[in-house]
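What follows draws every value from the coordinates through simple rules; no lab data is involved. None of the values given here were measured: they were computed from a predicted structure. No Cβ is skipped: glycine too gets one built from the backbone with ideal geometry, and neighbour counts run over all protein chains shown.
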There are 2 protein chains.
Amino acid sequence: MSDLKTKIIAAVKGDLAAIEAALEDNLNPYFDLVSQVAGHILFAGGKRLRPLLMIQCARLCGHAGNHAARFATIFEYLHAATLLHDDLVDGADMRRGRPVANQVWDNPTAVLTGDFLLARGLSIAADTGLSEVIRVIAGITENMSQGEIRQMERKGDSSLTEAEYLEVIRCKTAVLFEGACRTGALIADAGAERVDALTAYGYHLGIAFQMADDLLDYTQDLAALGKRAGADLREGKLTLPLIHALSRASETDRARMVALLEKPDFCEREFAALVAMLDQYGGIAYTRAQAAEHVAAAKTALGQFAHSRTRETLMDIADYALVRKA
Amino acid sequence: MSDLKTKIIAAVKGDLAAIEAALEDNLNPYFDLVSQVAGHILFAGGKRLRPLLMIQCARLCGHAGNHAARFATIFEYLHAATLLHDDLVDGADMRRGRPVANQVWDNPTAVLTGDFLLARGLSIAADTGLSEVIRVIAGITENMSQGEIRQMERKGDSSLTEAEYLEVIRCKTAVLFEGACRTGALIADAGAERVDALTAYGYHLGIAFQMADDLLDYTQDLAALGKRAGADLREGKLTLPLIHALSRASETDRARMVALLEKPDFCEREFAALVAMLDQYGGIAYTRAQAAEHVAAAKTALGQFAHSRTRETLMDIADYALVRKA
C-alpha cells in the first residue's frame, strides 16, 4: 500500500467504521435476497470514497450533527446501484475481483436490486429534509443514466471527440463525486461560496479519478485491477488515451487502432502493440497531464478553507487520484 | 368502449390533454435514443390512470395551482420505468400490443432508459419542494422494487399464500396508486384527514385494479389484452384465482394445477382445463368478490367529500376497475 493511501486511511478510520456500520444498518431490515445481492456489491472491498468525501466536506464546513454517516451511505448506494446496472450493460465478467452479480444471480435480480438500492438512497435523501439535497440526488441519478446511455450509443465509434468524452465522464462519474461533496457542505449549512467551492472540488476530483481509471485500463494488470486489462476497449469504449492518440496518429496507425477497436477478441500481443502506440502518440502522457490539471483545480478549490486535518485529508485524496494502482 | 369508460374519458378529457402535453414537454430536451425508447413505452396508448388520479385528487381538495399536470407525470414516469424493467425481468414478449422495449432495442437500453425515467420522476418530485411528496415518491420506488423481487423469488412456488400475494400486489401496484392520490391531496395542501382518505382510496383502488388484472389474465383473449392470455402462469406467477382454487381443490386437481404451473409451455387445451378448475373451485368468483370489496372500500373513503363532478369521476374510476376489459 502506498504511503499516501496509508495516511488517508489512518485519517478516516473512524469515518470508515461509521460508514460500514451505517451501510449494514440501512440494509438490515431487508429480506434475504436483497441483502445478499446488495451485499455482494456493497461489501466487496469498495473504497467508500464517495461517502468519505461527503463526511470530510461536512466536517470541513463545521458539521456537528450525528447523521453524517447515515446520509453518506446515499452515495455508496447510488454507486452500487449503477455498478449493478452497468455490469449488465457492459457485459462485464468481473468487478472488484469477483464475478459480477448478474452472473452469480441473473439479469433480473441485478436490475431489481439496483433499483432497490437507488430507491434506498433516495429515501435516505428524503430524510435529510433538505430540498436542495434531494434535488442534487435526483440530478445525479438523471445524469448518470444519461451518461451511460450516451456511452452505450457511441460504443465502438472512433469519431468520439475529447469534448464528448468529457461530457460522458462528467455524467457517469463526476456528478456523483460533485454531489457527495456538495451534499456534505449543504448538510453543514455552509454558505453559498463554500458550497460552490466543495462542488468544484468534487467535480474536478471526479474527472481526475475517471481519467486515472481510464489510464489504468491500459497500464495495469488484471490482479491489481480486479478485472481484465483492456476491458474498456473490449467493450468498445473510447477513452482519452485512445482519443488523443487517434487524433495524432499517422493514417496507417490510426487504421490499426480503429481495427482493434472493432475487434473485441484481440490477443495480448495486439493489445501490447496498441498500448505502445498510445504511448508513442502521447495518449498516455496527455491523459496523465489532464488528470493532474484536474487534481490541481480540485486542490485550488480548497484554498478558501483554513488549514486543518480535514482539509489535508481532502488534499491527500486529490493526490491519491493520480498515484492509485486500482 | 363501455359506457362507463366513455363517461370517464369525457370527464377527464382536458386533464388527459394536459398530461400528454406535459409528458412530451418533460422529455423533449433529451436526446434521441432516450426519447425513442421512453416514447415507445410512454406513447403506446397507456390509460394515464395514475397521473389522472393525482389530478382528480388534487382538484377534489381544491388545488388551484398550475403545475398539477407536470407533477402528475411523475406517476406515469415511475410506471413506465417499472414496466421497462419488469418486461426484462418477466421475459415478456408483448406489452400494450407491441413488442417489449428490451426486444426492440436490447436489455441495456431498457435498463438505462428505465433508470432515466425513474430519475426524471424524482427530479420533478424534488421540484414540488414538498418533502412529504418526495418521501412518498422515494417510498413508492423502494416498495415497487421490493415487490418485484419478492414476486421473482417466489416464481413457480405453489405454496404462496393469499396474505403473501396481497403483500406483493400492495408493493408492486397499490403503492403507486396510493402515492398518486396522496400526492394530489398533498399538493392541494389538504388536511390530514383528507390526505388519509385519498390515500386509502388509492390503496383500495390499486388492489382492486391488480386483482382485476390478474383475473383478466385467465379470462381475456390476446387481442383485448395486448399480450398473451395465461402470461402470468407461463411466468410462474401465482395470482389470487389460482391461490384460492389450490386451497380448495381435491388432491388430484391440486396436483394437476401444480403440474401446469411447473410447465410453462402448456397448450391451449391445458390452459382451458385449468381455467375450468379455477372456476369450479371458486377462484374466479372469489377474486371478483375480493376486488369488489376493495372497490367498495375505495368508494367509502370518498364519503367525507361533498358531492362534485370530480368525486363522481373518482367513483366511476373505482367502478371501472371491475368492468374494464383490458
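How far is helix A:192-219 tilted, in degrees, relative to the longest principal axis of the Cα atoms in chain A, given as a value from 0 to 90 rounded to the nearest 10? That helix lies at roughly 40 degrees to the long axis.
Provide an ascending nm list, one decimal, of label-point separations from B:Met94 to the equivalent residue in each further copy; define each label point as 7 Å from Cα along Cα→Cβ. For B:Met94, the inter-copy label distances come out at 4.5 nm. Over the residues of chain A, the helix contribution to mean residue ellipticity at 222 nm works out to -24000 deg cm²/dmol, using -39500 (n - 2.57) for each DSSP H run of at least 4. Equivalent ellipsoid of the protein assembly as shown: semi-axes from √(5λ) of the C-alpha gyration tensor, largest first, are 46, 29, 23 Å.
Across the identical copies, the 7 Å label point of B:Ala306, projected outward along Cα→Cβ, sits 6.2 nm from its counterparts, in ascending order. Mean separation of Cα pairs under 8 Å and 6+ residues apart, divided by the residue count of chain B: what relative contact order is that in percent? Answer for chain B is 20 percent.
Here the ratio of the Cα radius of gyration of the stretch A:1-123 to 2.2 N^0.38 Å is 1.10. Relative to the dominant Cα principal axis of chain B, helix B:283-301 is inclined by about 20°.
Every Cα-Cα pair in the stretch A:135-189 was counted, and those over 15 Å apart are 50% of them.
Relative to the longest principal Cα axis of chain B, at what angle does helix B:13-27 sit, 0 to 90 degrees, rounded to 10? Taking the Cα atoms of chain B, the angle to B:13-27 is about 90 degrees. For B:Ala285 and A:Glu153, a Förster radius of 41 Å and the Cβ-Cβ distance give a FRET efficiency of 0.20, rounded to the nearest 0.05. Take the Cα of A:Gln304, step 7 Å toward its Cβ, do the same at A:Val104, and the gap between the two points is 4.3 nm. The residues packed around A:Thr239, meaning those with a beta-carbon under 9 Å from its beta-carbon, carry a net charge of -3 if Lys and Arg are +1 and Asp and Glu are -1.
Simple spin-label estimate for A:Leu33 and B:Thr252 gives 3.5 nm between the two label positions (7 Å along the Cα-to-Cβ direction from each Cα). With neighbour counts taken as other beta-carbon atoms within 10 Å, the residues B:Met152, A:Met315 rank, fewest first, as A:Met315, B:Met152. In percent, rounded to a whole number, the relative contact order of the stretch B:24-149 is 27, using alpha-carbon pairs under 8 Å and six or more apart. Remark: spin-label model distance A:Lys325-A:Thr161 equals 3.9 nm, labels positioned 7 Å along the Cα→Cβ axis. When the inverse distances between all different Cα atoms of chain A are averaged and flipped, the Kirkwood radius reads 20.2 angstrom.
Calculated FRET efficiency, A:Asp196 to A:Glu312, Cβ-Cβ distance, R0 = 22 Å: about 0.55 to the nearest 0.05.
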